[in-house]
Amino acid sequence: MERHELIVIGGGPSGLAAATTAANAGIECLLIDEQANPGGQIYRAVGTIPEQRASLLGPDYNYGRKLVDQFNQSSASYLPGTTLWNLNSQREIGILRDGQASLISADRIIIATGAMERPVPFPGWTLPGVMSAGAGQILLKSSGLVPAQGVVLAGVGPLLLLLAWQYLHAGVKIHAILDMSPSGNIWRALPHLPGALLAHHYILKGLRYQMQLKMAGVKFFSGVTEFHAVGGDLLEAVEFTHRGGRKRIDTHLLLSHFGVIPDSHLSRCAGCDHTWDANQLCWRPVADKWGNSSVDGIAIVGDGSGIGGAVAARHAGRIAGFEAARALGRMDEKQRDDAAREDQGWMRDDLRVRPFLEARFHPPAELLSAPPDETVVCRCEEINAGAIRTAIHAGHKDANQVKFLTRCGMGPCQGRQCDNAVSQIVARELGDKKMISGGYRIRPPIRPLTIEQLAALDEGADPK
Amino acid sequence: MNAKSDVIIIGGGLMGLSTALHLGRRGIKAVVLEKASPGRHASGVNAGGLRQLNRHIAEIPLTVAAAEIWKNIRELVDDDCDVVLNGQVRVAESDAQLQKLQARVDAVKAQGYQHEQIIDSETLYRLVPRLVGGCVGALYNPDDGSARPFHAATAFRHKAIALGAEIRSGVEVLAIEESNDGWKLDTNQGVFSAANVVNCAGAWANCFAAMLGESVPLTPKAPTLMVTERLPPFLDLTVGAEGYQLSFKQMQNGTVIIGGAHLAKLDFEREQSVIDFATLKTSAQTVTRFFPHMAQVRIVRSWAGIEGFMPDNIPVIGKSAKAAGIFHAFGFSAHGFQLSPIVGRILSELILDGKTDLPIEPFDIRRFNESES
């Protein structure tokens, strides 16, 4: 089996920083990236994008170019366009590139797979015409595509504002922005404001976006509840409750967003321990301050280990790069500590805004844990919330037993879309506040692999 | 916790649940102690094969009796367990293989059983139209099929509870000692006592047998299964192949389940299995050999269940050789699912009547002592 000293998985800010740092410390390092170019989701296509679109995306986006340049100048090798369908606790990785499946392994692995949008099963979320705001942003970044007939943006979280601001500048008609964060959030967030002011640029940026959108005449509805996407074969409108009254806005496109959560499929497939994060309402891998997971030789950095944003991710990547240098014998502990100190300080400062943001943009709990019985939760297998509740009350007291019985989470997406919601429905039905029941066990291949590709698997010659 | 009952069953898998159910039918309320959750390992995640075909000769009386129960499983558990009885075939690629299968049929008939037959290639391709060309015939049983294992385990559990059984999850047995009126089990959840104790602990059964000084050469292994995306219906039967590790069937929802006892790497202490894709490569090659149209089909998931294997690949069923009031049913070596309804009945008879009509001598635990000495 092809063996590397270090394999970094993911080409976003944390992965690029980790690979660059480790390579600069003399480690033989391979970065595996699902994308065609380095940058990840946040800096998607940063190296290839036209100047005009780049300026639309703002100065933060352009910072990504510097990271990519530094990575390109390092000795790290780069494997683009490569999907990863397995990672196990023995640090063996299954990859697929140009249709060829292979097994490779490493002495050390850094998972930097970042975040995914939080899937929320609200009524009508499976209608054609309902997309995630993240998907909308991918279209804007990679191909400059914007909605031609106008859009409603709905949900919770800073990305909604950012995308609205980007759309405004691209001339898109925004029918309305619906903020579903509970009205109490602002009061719960206030105690965290003094700490957040130390990272005040984030808050100022948000306020600036909001002001510009309001000045442009975009309608804002806050404290929105009982949100439904409605239509027959296609989305026709959104309906919601606002200030006690029921409202309807016609639209053929809804971009929804409920914050981001760690994409933990890979770390769970590898058998790393995870814990329920009650502030971020998601599963998060257990990791020490160097990023080390519970599995020997596997570290997890960036948003994949808990949402901290691109800047914190970059520092975490560097810190994990120094730790890799220690683990692989290029630095002793003191050298590592000295090298990482600056990044640790910057990361701490940057993360000061998180408790404020987490409280301000905390999604309404019942949105996740109490979808109506008829709402589809698992869209692959078309299992609705009622069937899940029935299974729970028939004695299936954790997400995996519910999965076995109902097939919820057994479809091609491997439970990516319903895992979080099912965990929370189980917890709510059983009155289990600590979410001790656990999420789905994740089974490889975690990305599609055909029978023929497996039959032609390249295991590589065993070095022994 | 200090609970007393007539019968304690160790292990909430299908064998334990079936035993509790059959005891319940005769008015005995058993307590099932399950260290994880019912059906957590092999019972819940196996391929669900209802196969009489090509079994060890010693198992034939049991498998035939079990098949009769599966035909009307609703009468036993009030649920159809998604049973489908469309037949199973074991395909032969060469005349030599077919002759071997014919000899098998003759041996089964010599025992007085008629459930296995040889079919010619014409019949085979009528039954399995998508099978690759060139196969010469097959061993066939039209009454075999499959069920959904977790549904079956759930149905057995519900019926056992309805008949008075108590299922205790998260209870791990730490020690056993003889008391005045039976046995005392020390567990992580307190002490449980009973006159009779049944060992249905699957891959963990030897841990308990060893407490009684009755160790057996049981090896825990983790056979792997793969499931594909949904496909339009193309196959009603379960297909195996002589000379290959293959078990291949399409479920009612269109997915295809691929097995054949390809093993995952097992860390038994941590109860973790690591899927071995180098081994599954062979499995995928076997699939494309017999069903070339599967080449582009996507594998959605693979998993492994932890199961107990005996050296002779047949189970231990019967009374303990060392201690009165102790009974065993374990080591089904990855083909126990079909036997579960009859094994529960056998154990209930051994406990309540002291005997059973079915021939269980070949499964006696003492067979391993004899070979050692």
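Laboratory data are not the source of any read-out in this text; all were calculated from the coordinates shown. A quick note: this is a predicted structure, and the numbers were derived from the prediction, not measured. All Cβ positions, even for glycine, are placed from backbone atoms using ideal geometry, and neighbour counts span all protein chains on display.
Placing dummy labels 7 Å off each Cα toward the beta-carbon, the span from residue A:241 to residue A:75 is 6.3 nm. Taking a point 7 Å out from the Cα of residue A:278 in the direction of its Cβ, none of the residues of region A:144-181 has a backbone N less than 13 Å from it. Bridging of residue A:205 to lysines at a Cα separation below 23 Å is possible for A:66, A:141, A:173, A:214, A:219, once same-chain residues fewer than 8 apart are set aside. By the rule of a C-alpha distance below 18 Å, with chain neighbours fewer than 8 residues away ignored, the lysines paired with residue B:322 are B:184, B:355.
Across region A:119-258, Cα-Cα distances exceeding 23 Å account for 35% of all pairs. If you bin all the Cα-Cα distances of chain A at 20 Å, starting from zero, the percentages per bin are 24, 58, 18, 0. Assuming charge only on the beta carbon of Lys and Arg (+1) and of Asp and Glu (-1), the dipole of region A:370-464 about its Cα centre is about 360 debye to the nearest 20.
Taking the charge dipole of region A:52-174 about its Cα centre, with +1 at Lys and Arg Cβ atoms and -1 at Asp and Glu Cβ atoms, the residue from A:94, A:165, A:68 reaching farthest to the positive side is A:165. If you plug the beta carbon distance of residue A:365 and residue A:220 into 1/(1 + (r/R0)^6) with R0 = 22 Å, you get a FRET efficiency near 0.45. Taking the DSSP bridge list for chain B and keeping only pairs wholly inside it, about 65 percent are antiparallel. Shape summary: region A:103-154 maps onto an equivalent ellipsoid whose semi-axes, from the alpha-carbon gyration tensor, are 32, 17, 9 Å in decreasing order.
In summary, region A:370-464 shows an alpha-carbon radius of gyration equal to 1.34 times the 2.2 N^0.38 Å reference for compact globular proteins.
Beta bridges per DSSP, both residues in the protein assembly as shown: antiparallel share near 60 percent. For the protein assembly as shown, the C-alpha radius of gyration divided by 2.2 N^0.38 Å, with N the number of residues, is 1.04.
Straight-distance candidates among the aspartates and glutamates for linking to residue B:4, with alpha-carbon spacing under 20 Å and chain neighbours fewer than 8 residues away dropped: B:34, B:166, B:172, B:177, B:178, B:181, B:186.
Take the eigenvalues of the Cα gyration tensor for region B:196-298, scale each by 5, and report the square roots as semi-axes in whole Å, largest first.
34, 15, 12
Both numbers refer to the Cα atoms of chain B; Rg and Dmax are 20.7, 67 Å. With neighbours defined as other Cβ atoms within 10 Å of a residue's Cβ, the residues B:349, A:226 order from fewest to most as A:226, B:349. Largest first, the three principal axis extents of the alpha carbons in region B:178-234 are 62, 25, 21 Å in whole numbers.
Once the chain from residue B:6 to residue B:234 is taken as fully extended at 0.36 nm per residue, the excess over their C-alpha distance is 77.1 nm.
Legend: mean number of C-beta atoms from other chains within 10 angstrom of residue C-beta atoms, peptide B:279-288, equals 5. A viscosity of 1.567 mPa s and a temperature of 4 °C, combined with the Kirkwood radius over Cα pairs in Stokes-Einstein, give a translational diffusion coefficient for region B:129-271 of 66 µm²/s.
Once the Kirkwood radius over Cα pairs is known for region B:25-150, the Stokes-Einstein relation at 25 °C and 0.890 mPa s delivers a diffusion coefficient of 147 µm²/s. Give me the percent of DSSP beta bridges within chain A that run antiparallel, rounded to the nearest 5. Once the DSSP bridges in chain A are tallied, antiparallel ones form about 50 percent. A simple spin-label model places the labels of residue B:56 and residue A:212 7.5 nm from each other, with each point 7 Å out along Cα-to-Cβ. The value given for region A:1-138 is a Kirkwood hydrodynamic radius of 16.3 Å, derived from the mean inverse Cα-Cα separation. Once the Cα-Cα distance is subtracted from the 0.36 nm per residue extended length, the residue B:162 to residue B:96 segment shows a gain of 18.6 nm. Here region A:189-327 is described by how far its Cα atoms reach on the three principal axes: 58, 40, 25 Å, from widest to narrowest. For the cross-link pairs B:71/B:159; A:289/A:334; B:71/B:319; B:29/B:159, which exceed 24 Å when the distance is taken from alpha carbon to alpha carbon? Violating the 24 Å Cα-Cα cut-off are B:71/B:319. Spatially, region B:17-37 and region B:316-345 are offset by 14 Å when compared through their Cα centroids. Semi-axes of the equivalent ellipsoid of region A:333-420 are 40, 18, 12 Å, computed as sqrt(5λ) over the eigenvalues of the C-alpha gyration tensor in descending order. Ordered by the count of other Cβ atoms within 10 Å of each Cβ, fewest first, A:404, A:240 give A:240, A:404. Taking 20 Å as the cut-off, the amide N atoms of region B:209-239 that come nearer than this to a point 7 Å along the Cα-to-beta-carbon line of residue B:191 belong to B:211-212. Each of A:440, B:244 was scored by other Cβ atoms within 10 Å of its Cβ. Arranged with the fewest first, they read B:244, A:440.
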